[in-house]
Amino acid sequence: TEMTTAERELDQNTNFDWNRIQESGKELVPVFGPGYTGLVNLGNSCYLAATMQILFSTHSFISRYFSHQSLKLAFEMAPADPTLDLNMQLTKLGHGLLSGKYSIPVTEKDAATAEARQEGIPPRMFKSVVAAGHGEFSSMRQQDALDFFLHLLDKVERGNNTRPDLDPSRSFKFGVEEKILCSSGKVSYNKRDDCILSLNIPLQEATNKDELEAFNNQTAGKGLEENNIRSTDEIVRPRVPLEACLATFASPEQIHDYYSTALKGKTTAIKTTGLTSFLDYLVLHMRKFVMDAGWVPKKLDVYIDVPDVIDISHMRSKGLQPGEELLPDGVPEEVTETAQPVANEEIVAQLVSMGFNQLHCQKAAINTSNAGVEEATNWLFSHMDDPDIDAPISHQASDVDQSSVDTLISFGFAEEVARKALKASGGDIEKATDWIFNNPNASFSDMDVSSSSSVQTPAQTGLPDGGGRYKLFGIVSHMGTSTHCGHYVAHILKEGRWVIFNDSKVGISTDPPKDMGYLYFFQRLDN
């Protein structure tokens, strides 16, 4: 039962994370009033509390669900059962958090033990509505705050589909453009919308490499006893600037085995990514959870140096440039070949040996996707009287099952891409998915691809846009070895000071963990 050196170091680091992020051991001054209302933990619901506290610190959510919408109006606009209406529950939660009515200290008899706690509000009805139909969020298990943030924005967007001008989720949406440069010199552009900027952490860009090397050498030279008594303050972690993470996102990336419609073959292409619009609120997701060499998930033990103000103007995409030539539209030749319906010879031979006509047997095998002799036999008995049973087999690509198309669409693929992939894989969903990932140009050509130099502006697409300077105003920090365990805490810049929101505890932060965040929220600074 004795802990190993690695286990003791992990235990020390975990305790350090908890103490630093929650600001344990420090006398936090409790704060009360409008915008300083805590949320009661319903049981592993800290991910929800941290996310909602930051969202209701943005102008878009405040305006939509508090400033310009009363509880009475939301109730009147709700359907038959307001308890099941997301708009109603968001309005109720917004008024609870922002009115100050429930931001009151605990009673005197509990004040001695409550520290900076307040009663707060329990968001039970809101959680029930927003998690309805979702197997994970409707449970009592810990969840990923990023997954919940994206899930909520999707629900909010759907709830405001009739009035997109009132949709607060638009303030988090921006355009992404991927440019692919083929070895032929021709290019293709792929556009999509996104709500987060997910950043890899380049450990090789750490600014304290000398300290890290000295620390590792010192650790290797010490015995087990000496390592066990080391203070957590003495542990040296890599420090990576946020600028290095942003540079990694925008840096060119090689795509191997890329099928070029210009070369009619596979080659190596270069992909660069940029933003077509600068949104009102920028959310940066730090990819601290990675897979090691043994495909075991682990959390990177790293600090991210995040400045108060960042400028991402250099990340704006320029679109098709003069002199650039677009890759021609087309499908890989092997796709055209494999799209032709072909009957399994073994199935046909067995059916012919039973006395069936060979043409009928081929049709049976093709129409059952070569599932087997039994399936083909059943098809034959069901279609023997078809008027076109003796017609020659068409060499055109057969149609695909609509349910399979819908399944691929639910994965996020375009309908035309889904149909093309299913035709190329004989209707097999798993093979169709692999085909899409192995033929990225096919999905690019069916999505929003620039065909001329006239690129739509953000105003034309309905996305917010402005300058590239942003100010940090919110941090969601995570403690624990996995996003599905541990604890989430939010730090928010309000009225010129940082405030910690730790479930129902709300207090003035003396040392916000800016270098330990999991999600960083920035607000655009209008020039």
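Taking strands (runs of 3 or more DSSP E) that fall entirely within the range 229-300, which contain at least 1 residues that are crowded, with 18+ Cβ neighbours inside 10 Å, in contact with a strand residue (DSSP E or B) (Cβ under 7 Å, 6 or more places away or on another chain) and polar (S, T, N, Q)?
Details: elements: 239-241, 253-260, 265-275, 281-286, 289-291, 297-299.
It comes to 253-260.
Name the residue that is farthest from the chain's Cα centre (by Cα), counting only residues in the range 120-135 that are closer than 24 Å to Asp193 by Cβ and exposed (fewer than 15 other Cβ atoms within 10 Å of the Cβ).
So in the range 120-135, the residues closer than 24 Å to Asp193 by Cβ come out as 130, 133-134.
Still in the running and exposed (fewer than 15 other Cβ atoms within 10 Å of the Cβ): 133-134.
Working: Gly133: 19, His134: 16 Å.
Here the residue is Gly133.
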Report task. Report whether or not Lys92 is open to solvent by 70 Å² or more (accessible area, probe 1.4 Å), assigned to a helix (DSSP H, G or I) and closer than 20 Å to Pro122 by Cβ. Result -> yes
For the range 74-99 the number of residues that are touching a helix residue (DSSP H, G or I) at 6+ places or on another chain (Cβ under 6 Å), within 18 Å of Ser169 (Cα to Cα) and of a type outside the set (A, V, I, L, M) is 4
| query | Of the residues that make up the range 304-313, is at least one modelled with pLDDT under 80 and touching a strand residue (DSSP E or B) at 6+ places or on another chain (Cβ under 8 Å)? | reply | no
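Residues of the range 29-52 being outside any loop (DSSP other than H, G, I, E, B) and open to solvent by less than 10 Å² (accessible area, probe 1.4 Å), which ones?
Residues of the range 29-52 outside any loop (DSSP other than H, G, I, E, B): 29-30, 39, 46-52.
Selection gives Leu39, Cys46, Tyr47, Leu48, Ala49, Ala50, Thr51, Met52.
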Taking the range 66-83 and keeping only residues that are more than 21 Å from Leu55 (Cβ to Cβ) and of a type in the set (A, V, I, L, M), one is left with Ala80
Of (1) at pLDDT 70 or above; (2) in a loop (DSSP other than H, G, I, E, B), Ala418 satisfies every one except (2)
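Look at the range 53-75 and say how many of its residues are assigned to a loop (DSSP other than H, G, I, E, B) and of a type outside the set (A, V, I, L, M, F, W, C).
Pass one, the range 53-75, residues assigned to a loop (DSSP other than H, G, I, E, B): 56-58, 68-70.
From what's left, of a type outside the set (A, V, I, L, M, F, W, C): 57-58, 68-70.
The number of residues fulfilling the criteria is 5.
Does Lys155 satisfy the criteria of being in a helix (DSSP H, G or I), of a type in the set (Lys, Arg) and under 22 Å from the mean Cα position of the chain (by Cα)? Quick ask: steps written out before the conclusion?
On the way: in a helix (DSSP H, G or I): yes; of a type in the set (Lys, Arg): yes; under 22 Å from the mean Cα position of the chain (by Cα): yes.
So Lys155 fits the description; yes.
The values are calculated or read from the model by the stated rules, or taken from the named source; none is laboratory data. Computed from a predicted model, the values in this text were never measured in an experiment. Note: ideal-geometry Cβ built from the backbone for every residue, glycine included; neighbour counts use all protein chains shown. Just so you know, the surface numbers come from the protein's heavy atoms only, side chains and all, with ligands and any DNA or RNA stripped out. Shrake-Rupley method; radii C 1.70, N 1.55, O 1.52, S 1.80 Å.
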